[in-house]
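*Asks:* Handing you a structure now.
The values are calculated or read from the model by the stated rules, or taken from the named source; none is laboratory data. Since this is a predicted model, take the numbers as computed values, not measurements. Cβ: placed from backbone, ideal geometry, glycine included. Neighbour counts: every protein chain shown. What goes into the accessible areas is simple: the full protein's heavy atoms, side chains included, and nothing from ligands, DNA or RNA. Shrake-Rupley method; radii C 1.70, N 1.55, O 1.52, S 1.80 Å.
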Amino acid sequence: MKILKIALLSAMFSMLAVTLTARAGWWSSSDDKASSELIELNWEDLIPADFKQPENPFDTMTQEEIDKLLDGSDESNARLEELRAAFEYAPVVESLDGKRVKLPAYVTPLDFDGQMKMSEFLLVPYMGACIHTPPPPANQVVYADSGTAIELSSPYDPIWAVGILRAVTVNSDLAEAGYKLEVEEVLPYSR
């Protein structure tokens, strides 16, 4: 009789666990659907709407002011550092953190096997960014990590990158990225 009671209690607890798991799964599935809704972005969406990039100060300076700014003094070096920091400041859109997104981009490899397979790369808005030119602002560079190697058909063709976007800074040898994408898939670009 005692064994029967233990078996009955065990079965009841098992059924209760299954019921709670099923309910938890049912309840979280609607949340998962909402959080996994795919948002198609463009590069302008990665820049806060109220952010205005400062103008290049050299555009309005006289030659005399430029010479003084570049004279090598401690004062001019401090001012150059202030200007550089202001010009490079590139805030991100925090509300995009955790969103499932689809972003058109060009790929700049970080790890490369020579056969167009890579698992870490940068997503950039134009071909060749970060390679032969200064990198775009951090909010226009996305560090992408696919976890497993993906293969591209061409380094020159744009792609669609799909995954979960994080508003975190990632530094690489090529550029500072204002975002990180946990890559789910890479698709050929088409409109």
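*Asks:* Can you tell me how many residues in segment 170-184 are open to solvent by 60 Å² or more (accessible area, probe 1.4 Å) and modelled with pLDDT of 95 or more?
*Replies:* Count: 2.
*Asks:* Across segment 55-95, which residue is nearest to Gln140 (Cα to Cα) among those that are small (Gly, Ala, Ser) and surrounded by 13 or more Cβ atoms within 10 Å (Cβ to Cβ)?
*Replies:* For segment 55-95, the residue satisfying everything is Ala90.
*Asks:* Output the residues belonging to segment 174-184 that are charged (D, E, K, R) and closer than 16 Å to Lys99 by Cβ.
*Replies:* Scanning segment 174-184 gives Lys180, Glu182, Glu184.
*Asks:* Any chance segment 118-130 includes a residue that's open to solvent by 50 Å² or more (accessible area, probe 1.4 Å), out of contact with any Lys or Arg (no Cβ under 8 Å at 6 or more places or on another chain) and closer than 24 Å to Arg191 by Cβ?
*Replies:* Yes, segment 118-130 contains a residue that is open to solvent by 50 Å² or more (accessible area, probe 1.4 Å), out of contact with any Lys or Arg (no Cβ under 8 Å at 6 or more places or on another chain) and closer than 24 Å to Arg191 by Cβ.
*Asks:* Restricting to segment 141-168, name every residue that is at pLDDT 95 or above and more than 14 Å from Glu120 (Cβ to Cβ).
*Replies:* Once the filter is applied, which keeps residues that are at pLDDT 95 or above and more than 14 Å from Glu120 (Cβ to Cβ), segment 141-168 yields Pro158, Ile159, Trp160, Val162, Ile164, Leu165, Arg166, Ala167, Val168.
*Asks:* Follow-up. Could you list, in sequence order, all residues of segment 44-54 that are in a loop (DSSP other than H, G, I, E, B), in contact (Cβ under 8 Å) with a residue 40 or more places away in the chain and open to solvent by less than 60 Å² (accessible area, probe 1.4 Å)?
*Replies:* Matches in segment 44-54: Ile47, Pro48, Phe51.
*Asks:* Could I ask something else about it? Could you list, in sequence order, all residues of segment 18-60 that are modelled with pLDDT of 75 or more, of a type in the set (Ser, Thr, Tyr) and within 18 Å of Leu165 (Cα to Cα)?
*Replies:* Within segment 18-60, Ser36 is the sole residue that qualifies.
*Asks:* What about Thr148, is it open to solvent by less than 20 Å² (accessible area, probe 1.4 Å) and among the hydroxyl-bearing types (Ser, Thr, Tyr)?
*Replies:* no
*Asks:* Might you check whether a residue that is assigned to a loop (DSSP other than H, G, I, E, B) and charged (D, E, K, R) occurs anywhere in segment 55-76?
*Replies:* yes
*Asks:* Moving on to the next point. Restricting segment 77-95 to residues that are assigned to a helix (DSSP H, G or I) and in contact (Cβ under 8 Å) with a residue 40 or more places away in the chain, which is nearest to Asp50 (Cα to Cα)?
*Replies:* Glu94
*Asks:* What single numbered condition from (1) within 17 Å of Val93 (Cβ to Cβ); (2) surrounded by 13 or more Cβ atoms within 10 Å (Cβ to Cβ) fails to hold for Leu110?
*Replies:* Single failed check for Leu110: (1).
*Asks:* Which is out of contact with any Pro (no Cβ under 9 Å at 6 or more places or on another chain) and under 26 Å from Pro54 (Cβ atoms), of Gly128, Gly98, Gly147?
*Replies:* Gly128
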